[in-house]
1. Calculate the length of the line joining the C-alpha centroid of the stretch 4-21 to that of the stretch 62-80, in whole Å.
2. Give me, ordered by chain and number, the residues 5 or more places off ASP35 or on other chains with an amide H under 5 Å from its own placed amide H.
3. Would you look at the GNM of the chain, springs on alpha carbons closer than 10 Å, and say which of GLY59, GLY71, GLY111 moves the most?
4. Over the chain, with a Gaussian network built from C-alpha contacts below 10 Å, which listed residue (ILE24, ILE68, ILE54) shows the highest mean-square fluctuation?
5. What lysines sit close enough to LYS46 to cross-link, taking a C-alpha to C-alpha distance under 16 Å and skipping anything fewer than 8 places away on the same chain?
6. Dipole size in debye (nearest 20) for the chain around its Cα centre, Lys and Arg Cβ +1, Asp and Glu Cβ -1?
7. Please report, ordered by residue number, every helix of the chain (full DSSP H runs) that is 20 Å or longer along its axis going by C-alpha atoms and whose mean Kyte-Doolittle hydropathy reaches 1.0.
8. Given springs between every Cα pair under 10 Å in a Gaussian network model of the chain, which of VAL107, VAL86, VAL47 has the largest fluctuation?
Amino acid sequence: MIYLTTQEIARYRSQLADYEAALISLDAIEDCEGDLEDAAISLAIKVGQKPDRINWLDGLAKRCRVAICQGELQQDLSQEKLATTVGHLLNAGICPKILVTPVVIYVMKQGIDEFCKPLSFKI
């Protein structure tokens, strides 16, 4: 479980002030007392998705892995700079807009290097 503090939410809110969908997501995270997964599930239900397994957010993040793990984006997330990655995913349309921010925060909190490691394996 990943919980965000009110300070983290405030910091992310200032970084993502230009993205309405991100601010809606951060409001939901705040409403869920910082519980990232609960907020993501609540947001998913609002957009018609059916989160039906325990690690649902992890699965959603993995579907975005190729887009998230591009060089500059990966570097930005390792420095907790969310705006570039959120903007990129919002434009890519890989998942519903209000789920982009929870996905990016989830990946960052899990560890971006570890998350992107499977893409570096050679067959």
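1. Each part's Cα centre sits 18 Å from the other's.
2. The answer is LEU4.
3. GLY71
4. The residue with the greatest mean-square fluctuation here is ILE54.
5. Cross-link targets: LYS97.
6. Values: 13 positive and 17 negative charges, 119 e Å.
Here the size comes out at about 580 debye.
7. Working: long enough: 97-110 (21 Å, 1.19).
Helices meeting the criterion: 97-110.
8. Result: VAL47 has the largest fluctuation of those listed.
Throughout, read-outs are computed from the coordinates displayed, never taken from laboratory work. Bear in mind the structure is a predicted one, so any value in this text is a computation, not a measurement. Backbone-built Cβ (ideal geometry, glycine too); neighbour counts: all protein chains shown.
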